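A quick write-up on the structure given underneath.
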Amino acid sequence: MHIMEGYLPASHCVAWGAVSAPFVIAGAARVKQVVREHPQVKLLLAASGAYVFVLSALKLPSVTGSCSHPTGTGLAACLFGPSVTTVLSAIVLLFQALLLAHGGITTLGANIFSMGIVGPFVAYGLYRTMPAVGFSVPVAIFAAATLGDLSTYVVTSFQLAFAFPDPVGGIFGAALKFLGVFAFTQVPLAISEGLLTVIVWNLLGKYSRDELSTLGALQGRAA
Amino acid sequence: MMKRNLLLLCGVIVLAVGPLVFHSKTAKFSGSDDQASALISRIQPGYQRWAMPLWQPPSAEIESLIFAVQAALGAGLLGYYFGRRRGYAEGKEASEGRATH
């Protein structure tokens, strides 16, 4: 669940927009470059975007007795890197802000920062480092997708805490409260996203080896 | 691989159904974003929401329609992708089989 329209002070909206904009611009350039240099992965890029679409539409019940939805960004981040994922997330966030009154245009910058930047960078970082220290690739994919998802909502909680510090507990006190709403609810959903992403990864390993090795080359390593 | 994927899928189903069973009598399962806006008005009671969505689905039905369209578009494309890849892999296998005989 993203920050709702009008629920961040205007100055925060502008600030988060200014932070996110360069990532979106760099990501768009990267998407263009990937499509130009490796046209054969275009369909996989679309499928990764489709995965974000599906998972963002699934509002799931959680152990807290409330609902939220996964982000679906971990897959694209592992396949194409975080900056491409920023663009995919921005598209989904815009779709939901315009057609579903979910998230918002004023809060778009803040929501792109949490879902399109921090989540994918966390996921990509884990995907790249965990196998190097001895974890198997499926475990790394699971951790990447799960913690990418969870970190998005941790960031959302802090973004709201910066805007609405608690009169008693300050920013940190407010963050704890927002974490209670967003992050705790998200734990089982993030695990679900991790499991689903491993399923898709297994299918890719079976049917899309050539594309995976193209992307491996794209990320500057042997696949 | 299929067996492992089925197991993983079972995990997802348990995680989704578990809360429904566990909280069947008590929870409302409202959205965490609604809870967050309620929390904001408790922390800062005077806060005025300064922007409203440009357009809002006129009813919960229309909202669920659009969410379903979103999921269907995504799932359709994913299905197309894997169907294509699978057909490609099988076609390649078949032609390689012919080549060796």
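Throughout, read-outs are computed from the coordinates displayed, never taken from laboratory work. Treat the numbers as computed from the prediction; the structure is a model and nothing was measured. Neighbour counts run over all protein chains shown; Cβ positions are idealised from the backbone, glycine included.
Neighbouring Cβ atoms from other chains, within 10 Å of the Cβ of residues in B:15-22, number 5 on average.
Estimated purely from DSSP H runs of n ≥ 4, each contributing -39500 (n - 2.57), the mean residue ellipticity at 222 nm for the protein assembly as shown is -24500 deg cm²/dmol once divided by its residues. The phi torsions of region B:5-19, fed into the Karplus equation with coefficients 6.51, -1.76 and 1.60 and a -60° offset, translate into couplings of 5, 5, 4, 4, 5, 4, x, 5, 5, 4, 5, 7, 7, x, x Hz, rounded to whole numbers, with Gly and Pro shown as x. Stokes-Einstein diffusion of region B:56-101 at 20 °C, 1.002 mPa s viscosity, Kirkwood radius from Cα pairs, rounded to a whole number: 161 µm²/s.
Restricting to lysine pairs 8 or more places apart or on different chains, what number in chain A have Cα atoms under 29 Å apart? Intermediate results must be reported in sequence, preceding the final value.
Working: A:Lys32/A:Lys42; A:Lys32/A:Lys206; A:Lys42/A:Lys59; A:Lys42/A:Lys206; A:Lys59/A:Lys177.
Summing the qualifying lysine pairs gives 5.
Helix A:82-99 and the longest principal axis of the C-alpha atoms of chain A enclose an angle of approximately 50°.
The 3J(HN,Hα) values that the Karplus relation (6.51, -1.76, 1.60; θ = phi - 60°) gives for region B:43-54 are, in residue order, 5, 10, x, x, 5, 9, 5, 9, 9, 10, x, 4 Hz. Gly and Pro appear as x.
With R₀ fixed at 35 Å, the C-beta to C-beta distance from B:Ala38 to B:Ile13 puts the FRET efficiency at about 0.70. Distance between the 7 Å Cα→Cβ label points at B:Tyr88 and A:Asp210: 0.6 nm.
Report relative contact order for chain A in percent, whole number only (criteria: Cα-Cα under 8 Å, sequence separation at least 6).
Numbers: 361 pairs, mean separation 53.2, N = 223.
Relative contact order of chain A: 24 percent.
I want the local charge near B:Leu20. Using Cβ-Cβ distances under 15 Å, sum +1 for each Lys or Arg and -1 for each Asp or Glu among the other residues. Walk me through the numbers on the way to the answer.
Numbers: positive: A:Lys59, B:Lys25, B:Lys28; negative: none.
The answer is +3.
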